[in-house]
Amino acid sequence: MTLLFSIFWGLFGFPPSTHRYEQRRRRMTERYTQYHGIAASEAFKRFLELEGYVNSPNYENDMEDIKSLVYKGSPESLVVKRYHELRKYKEIKAYTKKGVESDSPLLKEFKQLQQTAHSTAFKQRVVYLKNKQKHKESDAYKQLQEYRQLKKSSVIKEYYRLEKKYKTVFQEMDSWTTVLADEFQDGRLNTSRWNTQSFWGLKMPMAGYVQNTEYQHTDPACVAVKDHRLCITTHQATQRGMAWDKQFGFMPRQFDYTSGMVNTVDKFEVQYGKIEVKLRFSPVKNIYHAFWLNSSETTPAISVFNYCNHSLETGIYRSSGNDHHSHRIRFNAENFYVIEMEWNEHHISWRLNGKEIAKKANTVNTPLYLHLASGIIGKIRAEKLPCHFEIDRIKVYKKMS
């Protein structure tokens, strides 16, 4: 991020460009895919096999064995020497010049040596032993040449270029595995994963209840998948439902607005990991759009984000006290944003389009379910409705042990 852009962020609450952030991520994903694609290729496997061999004692031993094969003093040289020695004897001269046969043991030996010395295999062996470059004909040398050719190839060079430049990034990417991913490509809500009622609304017969401080009734009809995005819509509509009051408990009430929620109660929980959501919403006054990690009780809970009245809230909520922070940021209703939260045993951090906006010591060590919702905390101008909260994707990753 440039210094100028950082100043704008600090002074005016402009989040980094989603387009640029996702473009960088796509490029990195392409490099990561290319890197692992090369690593899985037969060429790279062969390169590693050859590299292991040519850098091993086996290669050195093989080459030494080949170079130690010389003509002088070899069995072949002794055959040739003895063959020429025998040619000096008179019975051998008589045989070679006049074809005179005899029962001489020397002649018998000479014939055997003559047959050996004039054979094609023997001649080739002598030529090989006398060749000072014979190591270049060996399998060991051929494998060395193959290794060198592969090492110079553009594919292998690219692998090591990527490793040198992005090793730490790739190691971090390798350390995560996806445990939940929904990009809403089926055109409908996956009910095996998502509920459209609150935790107690599912457990008790007052489906759709809200807190008494809220103005909307929770209606599953306000949740739909449109254009491959999960959409929670807030309407102006009269409905009767239940509200929870701390003093009086559940009370029937008439609502002037409806909105929706989704959660993974009894279907999915996460304890530690990385959560990513790409979203956009209408930043209408007194309407909140939120993503929490909740438990069956009021606390503990973690706010992945809660946006209302130009304030983005992130934080941790516990019965012993809250630790949250509000960021004054103006979101554009036309733009998507990527919010990420990383949660481990030691800390929780939040990022907006790749920029860290908060980090806190972790005090939550229990599994939590996902919960997304829109709601109303005050009067709304009728012309501002309907109001939409769109989720393009949700992904949850866990660290691989």
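The values are calculated or read from the model by the stated rules, or taken from the named source; none is laboratory data. None of the values given here were measured: they were computed from a predicted structure. In this analysis, Cβ positions are derived from the backbone assuming ideal geometry, glycine residues included, and neighbour counts consider all displayed protein chains.
Would you check if Glu183 is surrounded by 14 or more Cβ atoms within 10 Å (Cβ to Cβ) and charged (D, E, K, R)? Answer is yes for this residue. Taking the stated definitions as given, is Ile394 closer than 28 Å to Thr234 by Cβ, at pLDDT 95 or above and out of contact with any Gly (no Cβ under 9 Å at 6 or more places or on another chain)? So Ile394 passes the test.
Considering only region 49-78, state which residues are part of a helix (DSSP H, G or I) and of a type in the set (Val, Ile, Thr).
Those that are part of a helix (DSSP H, G or I) and of a type in the set (Val, Ile, Thr): Val54, Ile66.
Of the strands (runs of 3 or more DSSP E) lying entirely inside region 179-270, those containing at least 1 residues that are closer than 18 Å to His289 by Cβ and basic (Lys, Arg) are 223-226, 229-245.
Looking only at residues in region 6-43 that are surrounded by fewer than 12 Cβ atoms within 10 Å (Cβ to Cβ) and small (Gly, Ala, Ser), the one that is modelled with the highest pLDDT is Ala40. With respect to being of a type in the set (D, E, K, R) and not in a helix (DSSP H, G or I), Arg148 falls outside the description.
Each row is one residue, and each column tells you yes or no for (1) within 34 Å of the chain's Cα centre (by Cα); (2) modelled with pLDDT under 95.
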{"residue": "Met251", "(1), (2)": "no, yes"}
{"residue": "Gln254", "(1), (2)": "no, yes"}
{"residue": "Tyr272", "(1), (2)": "yes, no"}
{"residue": "Pro283", "(1), (2)": "yes, yes"}
{"residue": "Leu293", "(1), (2)": "yes, no"}
{"residue": "Glu297", "(1), (2)": "no, yes"}
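Quick check on Ile348: is it surrounded by 14 or more Cβ atoms within 10 Å (Cβ to Cβ), farther than 17 Å from Leu279 by Cα, at pLDDT below 95 and of a type in the set (A, V, I, L, M, F, W, C)? No; evaluated as a whole, the condition is false for this residue.
Within region 318-341, the residues that satisfy the criterion of being surrounded by fewer than 19 Cβ atoms within 10 Å (Cβ to Cβ) and under 23 Å from Ser295 (Cα atoms) are Arg318, Ser319, Ser320, Gly321, Asn322, Asp323, His324, His325, Ser326.
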